[in-house]
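Following: one structure in structure tokens, then a few remarks.
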């Protein structure tokens, strides 16, 4: 088995193939493994993540894998109060509560909450494995989230809260996305026994941001790659995939690998940049044209200590400021140094991406100061990562679908093309877009390819 | 100057460069020139086009170019009555009138007509060169055409008529497209002195389907290529484009060309499959991720003579049948053999693409028979072209924009990246998506690149 891509999906695929006593070769474009997860050392043997990092309840595949390879988890810091920054006014609010945190805007929060009840209810009727068969699927897929929002939320603050949630989940704007794709994504945010909910997507405690990995999320991939050993080839971008009646030939600039089947474990946009012989069917090629990646710049400021904790703050903000509208405490498990994490997402990431790094840093630190005090203005270090600039990623967190794509191209998402099988978190029916979905997609593709041997 | 792509845009760019006494090399992936225009011989020295074919008033660039290279035009056959086929009922109607043909459905036609008045009015406020600056641009770009249609047309038949028009213009569904992009496209359907209108997009007489080229539209490219002579290299897919402070290096598998600048004259999706060194900025890469190509299968049946003309019919149908909803008389200028042309567009093209050719032919001929009589069941030849299957096209007629793209990525459409300039009909502000826009885009890119020398 040949696997293209040594992110969580590709490595999980190869791991499954080897576990079933078949041979596997993994080919990775980068010099490193981990795909959209990436540790960055901050001194003293500690790391922060500048890619995907969280894990939470119902993400059983990722949690189980981390346990297998010996990467423990710990809770995301969530003690005390969040802050809500809106029109220049800062208000603290509880990070807990039975439904998760409720921002201190009674009108807007109630408006958003009734919308979320509707969304969860509609999502519960969306079959994860075939969202295009949901009730009113074509109607939902014919509109953007923005259109649905304007028709179903009535207050400016309610719409703002939904906007921040959508941007935080997709790193894209509500106008960019199909409402049916959104419902699928919500539906996908659960496991075999727990239906997905919007709350689980956006919450910290009990949600998708519940826990973190000791040593950084990339460590899971690094450990898998270590176990796979010389099966993993780094620094070899795959240029061409040939298939015949008997097997596949996967070609890089200075490496060619033969196998029975190939698993392409990449976001659809990147998979579309490989040359295929014979040419892929139109349904697959046009599908890959239609799943752009989100836009996010992840920014982290390092301080001697997490000073906001002293003030009883979680380090989490929801804000209408520019450019950072969502923050987290990303301090290592030892409790120092203090790390504040801010996301620049969607429109803001597209607008700020071309600007000078110093301007970006200034703007981010001013946001942090507005939320947590002037101590935020003087970090000991500042890290940023614009995933849209990465040649082998070209946007995070995930590929998303504009209107119309699920309706006319949905089945192409996972349908193998002869001896080519498709993995990557986008292809998962559970926790699509997350590390958990990546792991599941790799295992599914491996099972599918092995069954076809 | 290096030009990538020998369609109308690339050849027009090279022609302009040479006209200004600079040197040019054109590199084309295919063994032929013409891009999305393609003649097919039907015997007796006659051809039909299985790609782009029409030209009409205000398409001055294409008309002028054809005149320069000696390719005359003739009127699309438009004498007599069109047919309207709806719910199994066939009704003839006039192909003329001051506003063009009005389908024989008083309620639906009135509903569609008031919508078109609105559309034309809104389009008149969209600056062609920067549609994202139009009044209410973000609002329009936040919704699909489908959403606007549901909010602004009240009758089922009116919506149906708009659907057929949208599908015929974009080879995509109203749910696939941004309403702002649609308004831009309408705005673009005119010249410097005539504002664009929806009617000009869809009409035959006086519209974008007004006239045809004697010898086939591809002949314009063939003649340009002949004049450019040994400057045109065919059969060399460009794999890599390198740029430095002093020039560019364009690499194919067995050909490398050096130049001062390069003009990439391809649809954005295809341009995104080339490797660039240094890597392109995020704005350009993510833009190319977001402009998928439409989906169309062009079908033509050849008969001894154009028998429908005897019955006083134009050969033009508007229908709700599957798969062909729009037809034309595509008979050569000599008047024989008779050729009926049917388009399978958007959803229908995606659904029919994978089906056996014999099934497709049967279904198309049954449609033709329903519209023009049983004589249509027995052609002497049948031609089909699914442009989504073409490796070097991957969808026609053009790249389109889903919601949100113009708002956040609009300027990336044409902005050069160092020594790389972007042509292709999608980049034109006049007649974007048409042969005329291709010619204009090539000339604009040439002028831009020469000015930068």
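Only a single item in (1) touching a residue at least 40 places away in the same chain (Cβ under 8 Å); (2) on the phi > 0 side of the Ramachandran plot; (3) surrounded by fewer than 16 Cβ atoms within 10 Å (Cβ to Cβ) is not met by residue B:107, and it is number (2).
Taken over the range A:394-417, the criterion of being within 14 Å of chain B (Cβ to nearest Cβ) and farther than 23 Å from residue A:148 by Cβ is satisfied by A:394, A:395, A:396, A:411, A:412, A:415, A:417. Within the range A:326-339, the presence of a residue that is farther than 27 Å from residue A:204 by Cβ and at pLDDT 95 or above is excluded.
Among the listed residues A:239, A:230, A:249, identify the single one that is under 30 Å from residue B:294 (Cβ atoms) and either within 14 Å of another protein chain (Cβ to nearest Cβ) or free of Cβ contacts under 8 Å to residues at least 60 places away in the same chain (or both).
A:239
What do you reckon, is residue A:96 under 19 Å from residue A:300 (Cβ atoms) and part of a loop (DSSP other than H, G, I, E, B)? Answer is no for this residue.
Just checking, which of A:157, A:151, A:136 is at positive phi and either more than 18 Å from the chain's Cα centre (by Cα) or within 14 Å of chain B (Cβ to nearest Cβ) (or both)? First the steps, then the outcome.
On the way: A:157 fails: at positive phi; A:151 fails: at positive phi.
Just a single option satisfies the conditions, and that option is A:136.
Can you name the residue in the range A:194-247 that is in a strand (DSSP E or B) and over 17 Å from the mean Cα position of the chain (by Cα) and is also surrounded by the most Cβ atoms within 10 Å (Cβ to Cβ) among such residues? By that ranking, first place goes to A:238. The requirement of being touching a strand residue (DSSP E or B) at 6+ places or on another chain (Cβ under 6 Å), closer than 19 Å to residue A:164 by Cβ, crowded, with 21+ Cβ neighbours inside 10 Å and within 14 Å of chain B (Cβ to nearest Cβ) is not satisfied by residue A:317. Just checking, which of B:432, B:446 is in the same structural domain as residue B:224 (by TED's automatic domain parsing), buried (at least 24 other Cβ atoms within 10 Å of the Cβ), farther than 30 Å from residue B:143 by Cα and in contact (Cβ under 8 Å) with a residue 12 or more places away in the chain? B:446 is the lone residue from the list that is in the same structural domain as residue B:224 (by TED's automatic domain parsing), buried (at least 24 other Cβ atoms within 10 Å of the Cβ), farther than 30 Å from residue B:143 by Cα and in contact (Cβ under 8 Å) with a residue 12 or more places away in the chain. Could you check the range A:1-22 and list, in sequence order, the residues that are part of a loop (DSSP other than H, G, I, E, B) and in contact (Cβ under 8 Å) with a residue 12 or more places away in the chain? The answer is A:1, A:5, A:6, A:7, A:20, A:22. Within the range A:116-133, the residues that satisfy the criterion of being surrounded by 15 or more Cβ atoms within 10 Å (Cβ to Cβ), more than 13 Å from every other protein chain (Cβ to nearest Cβ) and part of a helix (DSSP H, G or I) are A:116, A:119, A:120, A:122, A:123, A:131.
Output the residue which, of all residues in the range B:145-158 that are part of a helix (DSSP H, G or I) and in contact (Cβ under 8 Å) with a residue 40 or more places away in the chain, is surrounded by the most Cβ atoms within 10 Å (Cβ to Cβ). Among those residues, the one meeting the criterion is B:158. Considering only residues of the range A:281-302 that are in a loop (DSSP other than H, G, I, E, B) and more than 7 Å from chain B (Cβ to nearest Cβ), which is nearest to the chain's Cα centre (by Cα)? The qualifying residue nearest to the chain's Cα centre (by Cα) is A:294. When restricted to residues that are touching a helix residue (DSSP H, G or I) at 6+ places or on another chain (Cβ under 7 Å) and outside any loop (DSSP other than H, G, I, E, B), the range A:23-48 contains 3.
Set side by side, the residues B:142, B:187, B:124, B:95 differ, and just one is in the same structural domain as residue B:387 (by TED's automatic domain parsing) and in contact (Cβ under 8 Å) with a residue 12 or more places away in the chain, which is B:95.
Checked against the criterion of being out of contact with any helix residue (DSSP H, G or I) (no Cβ under 9 Å at 6 or more places or on another chain) and assigned to a helix (DSSP H, G or I), the candidates A:426, A:448 yield just one match: A:448. Looking only at residues in the range A:25-60 that are touching a strand residue (DSSP E or B) at 6+ places or on another chain (Cβ under 6 Å) and assigned by TED's automatic domain parsing to the domain that holds residue A:234, the one that is surrounded by the most Cβ atoms within 10 Å (Cβ to Cβ) is A:26.
One residue alone among B:381, B:301 is in contact with a strand residue (DSSP E or B) (Cβ under 9 Å, 6 or more places away or on another chain), assigned by TED's automatic domain parsing to the domain that holds residue B:93, at negative phi and surrounded by fewer than 20 Cβ atoms within 10 Å (Cβ to Cβ), and that residue is B:381.
Being more than 8 Å from chain A (Cβ to nearest Cβ) and under 13 Å from residue A:282 (Cβ atoms) is the filter here; which residues of the range B:352-362 pass it?
B:352, B:355, listed by residue number.
Within the range A:262-275, restricting attention to residues that are in a strand (DSSP E or B) and more than 9 Å from every other protein chain (Cβ to nearest Cβ), the residue that is farthest from residue A:331 (Cα to Cα) is A:262. Any residue in the range A:92-106 that is away from chain B (no Cβ under 14 Å) and within 22 Å of the chain's Cα centre (by Cα)? Checked against the condition, which is being away from chain B (no Cβ under 14 Å) and within 22 Å of the chain's Cα centre (by Cα), the range A:92-106 yields at least one hit.
The values are calculated or read from the model by the stated rules, or taken from the named source; none is laboratory data. Note that the structure is a prediction, hence the values are computed from the model and not measured. Virtual Cβ from ideal backbone geometry, glycine too; neighbours counted across all protein chains shown.
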